[in-house]
1. Order 73-79, 113-119 from most to least packed using the mean count of other Cβ atoms within 10 Å.
2. For a label point 7 Å from the Cα of residue 45 along Cα→C-beta, name the residues of the stretch 72-103 whose backbone N is under 19 Å from it.
3. If you place +1 on the Cβ of every Lys and Arg, -1 on the Cβ of every Asp and Glu, and leave all else neutral, what size is the dipole of the chain about its Cα centre, to the nearest 20 Debye?
4. Of all the accessible heavy-atom surface of the stretch 1-78, with the other protein chains kept in place and a 1.4 Å probe, what percent is carbon and sulfur?
5. When ligands, DNA and RNA are left out and all protein chains stay put, how many square angstrom of accessible area per residue does the stretch 1-104 have with a 1.4 Å probe?
6. Could you grab the Rg to Rh ratio for the chain? Cα atoms only, Kirkwood for Rh.
7. Top mean-square fluctuation among 123, 91, 100, Gaussian network model of the chain, C-alpha springs under 10 Å?
8. In vacuum, with every alpha carbon of the stretch 4-89 counted as one equal point scatterer, what does the Debye formula give for log10 I(q)/I(0) at q = 0.16, 0.17, 0.19, 0.26 Å⁻¹? Two decimals, please.
Amino acid sequence: MGARKRISAEVRKEALKSVSFARLRNVPSSPRKMRLVVDMIRGMEVFRALGVLKYSNKEAAAKVEKLLRSAIANWEQKNERKAESGELYVTSVNVDCSTTLKRMRPAPQGRGYRIRKRSNHVTLFVDTKAVVKNDVVKNDTEYNNESQN
């Protein structure tokens, strides 16, 4: 590994130490089905998201619910206190493709159809709601007016 690559890897590792997340690897369902469930909770308050997942009738919802509980526990471990209602939010969720198992299904006239058994990885980040600052931001027209004067 080159020096620049090692340095950027160390920076990435340090950045991950400050955030709370949980990963679910090699889930045996297609990424498309998992994204349907994940899209329901993205940006939601965590305890409300747990309720949504609990009453969802998708198979992937149970796996995402367990992952969300793990992410909450990781946040509580890092901050050394319990999460209060309305404090934590699902900041981002990623669903990525994993390995695809390729199988053959018998087809007419001696042929075989390929079956792709897909799997995925899910990464869920949890954090407190970002504080919105009341800084005045100038738009482009104000910058243009100042530069012309």
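1. 73-79, 113-119
2. 72-73, 75-76, 82-92
3. 1580
4. Answer for the stretch 1-78 is 53 percent, counting heavy atoms of protein chains only.
5. In whole numbers, the stretch 1-104 has 70 Å² accessible per residue.
6. Dividing the radius of gyration by the Kirkwood radius yields 1.17.
7. 100
8. Results for the stretch 4-89 at q = 0.16, 0.17, 0.19, 0.26 Å⁻¹ read -0.73, -0.79, -0.92, -1.26.
The values are calculated or read from the model by the stated rules, or taken from the named source; none is laboratory data. Since this is a predicted model, take the numbers as computed values, not measurements. Using ideal geometry, Cβ is built from the backbone for each residue, glycine included, and neighbour counts are taken over all protein chains shown. Just the protein is used for accessible areas: all its heavy atoms, side chains included, with ligands, DNA and RNA removed. Shrake-Rupley method; radii C 1.70, N 1.55, O 1.52, S 1.80 Å.
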